[in-house]
Each structure stands twice: as C-alpha cells, then as structure tokens.
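Data first, discussion second: the structure below is written as structure tokens.
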Amino acid sequence: MTRLPNVINLKDADGAEIKSYALTSGTSVYSEPLQTRYMIGWQALNITDVGGSDDIDINYEVSLDGKTWFTPQSTNGTSLTSLGSIVVALTADAWIDLSTRMVYAPWTRFQFDPDANSTITAQYCHQEE
C-alpha cells in the first residue's frame, strides 16, 4: 500500500487559482470542491502571501455528492454543535494542521471569509492512497 503526499493549488468555485488572490471585505470565496474520498492520514492548509488589511476567517464544508454542502457538526446525544471555524482572523502566513479537526467526507470545500480586503495564496496538502 503506497501513501503519497499530495499538494493541490486551490482554485475558487469558478476555477480561478487562489494565488495572490484578492479577497474583498465581506465577500466569501469558496474553493472548488475537492474529492477527498481517498485521503488518509494528515492534511493541512498552507496559506501564504497574506497581505492587505488581512483578518481572514477560514471555514470548511463537507458533501456526499460534491453539490449539497453541510457545515460539520458534532453531537453530545442531545443537541448539535458546529465544529466551528478552522481559523478566525488570520493575519499572517500559516501552515494549518487539519488532521485532528477535519471530518472525513467524500467531498470538501473551503470558505475564505475576509473581514477586510486581503490577498492570499492557498494550498491543500494531504496524504492519499
């Protein structure tokens, strides 16, 4: 069984590469759907070229079909609780380990939600078979 590291340069939902990508305050940008069914082991987001006024929130959603999206939630047996943001108010380049917080699903997408005009480059890194 071979386990290969994989790096994906993220694209937005319209197919534009998120490289030195301009984010506008108050306007969320979603990544293209990522097929993650073969993903195992570690995963991370590499966010670089953070510039502008910064302050970027990063969230994720999961899907069974790559079309209908859900915010992951956990339960204590009585009520549901959102797993929350990956990061709130990112202001500098970051390697963000997602291995312990991401829910495994066949499809995943990221949401970049700037509270100020900013620029970023985003890569998704993971291990797959």
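The values are calculated or read from the model by the stated rules, or taken from the named source; none is laboratory data. All figures in this text were calculated on a predicted structure; none of them were measured in a lab. Virtual Cβ from ideal backbone geometry, glycine too; neighbours counted across all protein chains shown.
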Problem set entry | Condition met for Gly15 (at pLDDT below 95 and of a type outside the set (Val, Ile, Thr)) | no
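Evaluate the following for Ala116: is it loosely packed, with under 15 Cβ neighbours inside 10 Å, assigned to a loop (DSSP other than H, G, I, E, B), touching a residue at least 12 places away in the same chain (Cβ under 8 Å) and of a type in the set (A, V, I, L, M)?
Numbers: loosely packed, with under 15 Cβ neighbours inside 10 Å: no; assigned to a loop (DSSP other than H, G, I, E, B): yes; touching a residue at least 12 places away in the same chain (Cβ under 8 Å): yes; of a type in the set (A, V, I, L, M): yes.
For Ala116, the condition - loosely packed, with under 15 Cβ neighbours inside 10 Å, assigned to a loop (DSSP other than H, G, I, E, B), touching a residue at least 12 places away in the same chain (Cβ under 8 Å) and of a type in the set (A, V, I, L, M) - is not met.
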Problem set entry | Set Gly66, Gly41, Gly52, Gly77: member being on the phi > 0 side of the Ramachandran plot, touching a Lys or Arg at 6+ places or on another chain (Cβ under 9 Å), modelled with pLDDT under 90 and not hydroxyl-bearing (Ser, Thr, Tyr) | Gly41
Problem set entry | Matching residues, segment 1-12, being modelled with pLDDT of 95 or more and either in a loop (DSSP other than H, G, I, E, B) or surrounded by fewer than 11 Cβ atoms within 10 Å (Cβ to Cβ) (or both) | Leu10
Exercise. In this structure, does Leu80 turn out to be hydrophobic (A, V, I, L, M, F, W, C), without any contact (Cβ under 8 Å) to a residue 12 or more places away in the chain and loosely packed, with under 15 Cβ neighbours inside 10 Å?
Worked result: yes
Exercise. Failed condition for Asp57, given (1) closer than 14 Å to His126 by Cβ; (2) surrounded by 13 or more Cβ atoms within 10 Å (Cβ to Cβ); (3) in contact with a Ser or Thr (Cβ under 8 Å, 6 or more places away or on another chain), with all others met?
Worked result: (1)
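Restricting to segment 20-58, give me the number of residues that are farther than 19 Å from Asp115 by Cα and assigned to a loop (DSSP other than H, G, I, E, B).
Here is the first cut: in segment 20-58, the residues farther than 19 Å from Asp115 by Cα are 32-46.
If we keep only those that are assigned to a loop (DSSP other than H, G, I, E, B) too, we end up with 32-33, 36-38.
Within segment 20-58, residues that are farther than 19 Å from Asp115 by Cα and assigned to a loop (DSSP other than H, G, I, E, B) number 5.
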